[in-house]
Amino acid sequence: MIWIPIAIGCGTAAVICFVWQQRQQQQVRKMLYSYSEHPGDELLFTPLSSIRRELKSLYEEKKKLQAELDQWYRVVEYAPFGYLRVDMDNQLILCNPKARQLLCLNRWQEGQIRLLLELVRSYELDQLIEATRKSGVAQSREWEFFPSHDAQTLTDGPNQPVHLRGTTVPLSRGDVAVFLENQEPIHILKRSQEKLLADLTHELRTPLTSMRLLAETLEQRLTGRELKWAGQILKEINRLFYLVQDWLELSHLESHPHQVLSYQTFDLVKLITEAWETLMPLAQQKQVTLQYQGPESLKMTADGDRLTQVFLNLFDNGIKYNPAGEAIIVNLMLLGADPERVTVEVIDQGIGFHPDDLPFIFERLYRGDQARTRQGNSGDLRQGSGLGLAIVQEIIAAHGGEITARNHPKYQGGCLTFTLPLQLPSEDLDA
């Protein structure tokens with residue numbers, strides 16, 4: 001990306017300028033010291049001329065390096081992406097106009113040294129910077145940024161939340177450089193496309209229902225080859241019908257995430273067991289078993305029906321892609337860093353996800369690596385809509401959780417990990 005050479009150029013120019021100045025100053029001090037040791041030696045008048053030439057050369061070189069450094073700063077100043085830099089104490093020491101616009105930094109003036117937390121209230125940005133400083137490697141994250149109330153009152157109108165993508169680069173002395181990209185235009189386009197498809201699927205549901213009833217009626221009255229054709233027609237109509245149903249459900253989850261949840265207190269371990277028992281006939285066909293690791297019981301408050309839907313989807317995928325005779329592993333963990341949240345891992349022992357597919361696992365209608373698809377469909381007539389994991393992600397997000405996909409280092413298969421709060425958010429309790 002364009003900001004990587006810019007950042008490297010700025011850093012390199014500054015380092016070269018500093019090192020070169022130190023070296024030249026050491027040479028000048030050494031020559032002056034030699035002159036002070038031999039004040040009566042007339043031969044040292046010649047080195048004085050050399051010193052003057054060195055000083056002049058040093059001055060010219062310094063001007064050249066400073067001009068180059070100023071040029072890089074001008075590039076960053078007018079860059080179409082946001083750039084900011086914080087020191088080891090998380091004080092904001094540099095911020096270009098684009099970053100000030102994206103983060104609504106109305107109270108910051110160039111040259112001010114203030115804590116970033118005083119200017120920008122963004123938990124995600126703070127965590128991104130801290131993770132970069134601890135790991136010493138570049139990090140990247142996308143989140144929805146909500147401007148503070150103070151920032152909104154200082155502008156002409158209310159600031160809308162904006163989707164940002166932040167990429168951090170660790171620097172010397174604990175400093176961290178942050179590059180910000182505005183992802184809002186992409187999300188606006190995505191929302192418009194999804195609305196169009198939601199409207200289309202809504203219009204398709206009624207005619208598909210009629211066609212489905214007609215095909216079922218024909219299937220009851222036909223025989224022989226015609227019966228086989230009617231069965232194939234009904235199968236395809238059902239596939240389209242369930243695709244439409246899933247898409248409408250996904251659109252509803254995304255548009256009204258909290259309205260679709262009905263909270264209750266239940267035992268999460270029991271819910272996992274019951275979800276597996278629902279799919280037991282499918283698992284027995286491949287001799288796939290469930291291997292559970294975690295506490296014997298765990299009380300939580302959430303939408304039990306929706307979480308059952310999550311586990312049914314994850315187990316169904318696991319059965320598809322798991323080799324015959326192998327177990328699907330479920331790990332239930334309460335991490336010490338955040339005892340108010342539960343972490344769940346669902347692991348199959350198949351060939352795993354292709355690395356190129358991992359960023360798109362939860363995209364709607366995304367079809368991944370054909371090798372994994374063939375393995376999952378081998379001897380299996382069930383076909384998914386391609387929306388299952390997208391629905392899972394929306395349900396987890398509606399509960400205030402997160403879900404990620406990776407390949408498990410031990411079992412090599414696909415590993416879907418999600419975290420959930422054990423209790424209702426405080427605002428829901430107040431309501």
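Every number here is computed from the coordinates shown, using simple stated rules; none is lab data. This is a predicted model, so every value here is computed, not measured. Quick reminder, even Gly has a Cβ in these numbers, built from the backbone with ideal geometry, and neighbours come from all protein chains shown.
Would you please give the residues with an amide H less than 5 Å from that of residue 298, counting only those at least 5 places away or on a separate chain, with H modeled from the backbone geometry?
268, 269, 270
Taking amide H positions as placed 1.01 Å from N in the peptide plane, with prolines and chain starts having none, which residues 5 or more places from residue 122, or on another chain, fall under 5 Å of its amide H?
Those lying under 5 Å, H to H, from residue 122: there are none.
Quick one: order 73, 123 by neighbouring beta-carbon count within 10 Å, fewest to most.
Ranking 73, 123 by Cβ neighbours within 10 Å, fewest first, gives 123, 73.
Shape of the stretch 179-331 from its Cα gyration tensor (a ≥ b ≥ c, root eigenvalues): rounded if a/c is under 1.5, otherwise prolate when a/b > b/c, or oblate?
Oblate shape, in that a/c is at least 1.5 and b/c is the bigger or equal ratio.
Please sort 104-116, 412-424 by packing, taking for each peptide the average over its residues of neighbouring beta carbons within 10 angstrom, highest first.
Going from most to least packed, we get 412-424, 104-116.
DSSP loop (so not H, G, I, E, B), at most 11 other Cβ within 10 Å: list which trypsin sites (Lys or Arg not before Pro) in the stretch 172-259 pass both filters.
Answer in residue order: no site qualifies.
Specify the inter-centroid distance of the stretch 253-296 and the stretch 164-212, based on alpha-carbon positions, in whole Å.
About 28 Å separates the Cα centre of the stretch 253-296 from the one of the stretch 164-212.
Using the structure shown, select from 228/320; 195/410; 270/320; 64/98 the pairs with a Cα to Cα distance greater than 30 angstrom.
195/410
Only sites in a loop by DSSP and with at most 10 other Cβ atoms within 10 Å count here; which GluC sites (Glu not before Pro) in the stretch 211-297 make the cut?
For GluC sites (Glu not before Pro) across the stretch 211-297 that sit outside H, G, I, E and B with at most 10 neighbouring Cβ atoms in 10 Å, the list reads 296.
Relative to the compact-globule scaling 2.2 N^0.38 Å, provide the ratio for the alpha-carbon radius of gyration of the stretch 186-255.
It is 1.43.
Convert each backbone phi in the stretch 208-217 into a coupling constant with the Karplus relation 6.51 cos²θ - 1.76 cosθ + 1.60 (shift: θ = phi - 60°), then list the ³J(HN,Hα) values in order as whole Hz, x for Gly and Pro.
Couplings: 5, 4, 5, 5, 5, 5, 5, 5, 5, 5 Hz.
Quick query: amide H of residue 171 versus all other amide H atoms, modeled in the peptide plane; which residues come in under 5 Å with a sequence gap of 5 or more or a different chain?
Under 5 Å from the amide H of residue 171 lie the amide H atoms of 176, 177, each far enough along the sequence or on another chain.
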